[in-house]
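The values are calculated or read from the model by the stated rules, or taken from the named source; none is laboratory data. Not measured: the values here are computed from a predicted model. Methodologically, a virtual Cβ is constructed for each residue, glycine included, from the backbone with ideal geometry; neighbour enumeration extends over all protein chains shown. Only protein heavy atoms, including side chains, enter the accessible area calculation; ligands, DNA and RNA are left aside. Shrake-Rupley method; radii C 1.70, N 1.55, O 1.52, S 1.80 Å.
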Amino acid sequence: NNMSIGFQINQYQDDFGIGINATSPFFIYQKVAVRLRSNLMFNEHLKNQEATWTPYLNATVGLLGEAGWIGDSIKLYSEGGVIGLFPSETFSSESFEFGGYGLFGFEFYMAPRNNFFIEIGGVGTGARANKMINKPIYSNGLLISAGFRVHL
């Protein structure tokens, strides 16, 4: 029920990322918490007829709800909230994009104060790389994340 901090690697549609997260102490019958995340994402696209990765940032704020436990070491949860993208001027003329996300997750406790986690869900922003040919969408669709958390 304490605050936790962690790091993750993730995939938002076709974009790979790494980031950090912080979770508030649980409240409302010890079943609800607030989670903040920030990720450095990499949009893969063609530049000068070669594939390149261009970095951009995203940030999320969401509510986390504990769904239950499997034994004493696996916690199930769901999470949903808002996401903000800070795209690169290399592929987008927008300075900010807004959307939502939702996911289901599993925390695997190897010790009482730390866990590994796996999450899967979806993200929707409507963001388009409007400076690229065909203006492809990015940070929309499948969301997968895995990482490590430490409870303070």
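Of these, S95, S78, which one is under 15 Å from the mean Cα position of the chain (by Cα), more than 17 Å from E44 (Cβ to Cβ) and either in a loop (DSSP other than H, G, I, E, B) or polar (S, T, N, Q) (or both)?
The conditions single out S78.
Quick check: anything in the stretch 38-56 closer than 16 Å to G102 by Cβ and assigned to a strand (DSSP E or B)?
no
Looking at the stretch 47-95, which of its residues are acidic (D, E) and farther than 13 Å from Y138 by Cβ?
Answer for the stretch 47-95, where residues must be acidic (D, E) and farther than 13 Å from Y138 by Cβ: E50, E66, D72, E79, E89.
Please list, ordered by first then second residue, the pairs with beta carbon atoms under 9 Å, 6 or more apart or interchain, first in the stretch 28-46 and more than 23 Å from P136 (Cα to Cα), second of a type in the set (F, W, Y).
As it stands, the answer is V32/F26; A33/F26; A33/F27; A33/Y77; V34/F27, since those pairs meet every condition given.
Mind listing just one residue for me: the one in the stretch 1-13 that is surrounded by 15 or more Cβ atoms within 10 Å (Cβ to Cβ) and out of contact with any Phe, Trp or Tyr (no Cβ under 7 Å at 6 or more places or on another chain) and, of those, nearest to F116 (Cα to Cα)?
Here the answer is Q8.
Pick from the stretch 45-62 the residues that are aliphatic (A, V, I, L, M) and surrounded by 14 or more Cβ atoms within 10 Å (Cβ to Cβ): which of them is nearest to F108 (Cα to Cα)?
Selected residue: A59.
Considering each of G68, G121, G126 in turn, give the residue that is within 20 Å of the chain's Cα centre (by Cα), open to solvent by less than 40 Å² (accessible area, probe 1.4 Å) and not acidic (D, E).
G121
Is at least one residue of the stretch 59-79 of a type outside the set (V, I, T) and under 14 Å from Q13 (Cβ atoms)?
Checked against the condition, which is being of a type outside the set (V, I, T) and under 14 Å from Q13 (Cβ atoms), the stretch 59-79 yields no hits at all.
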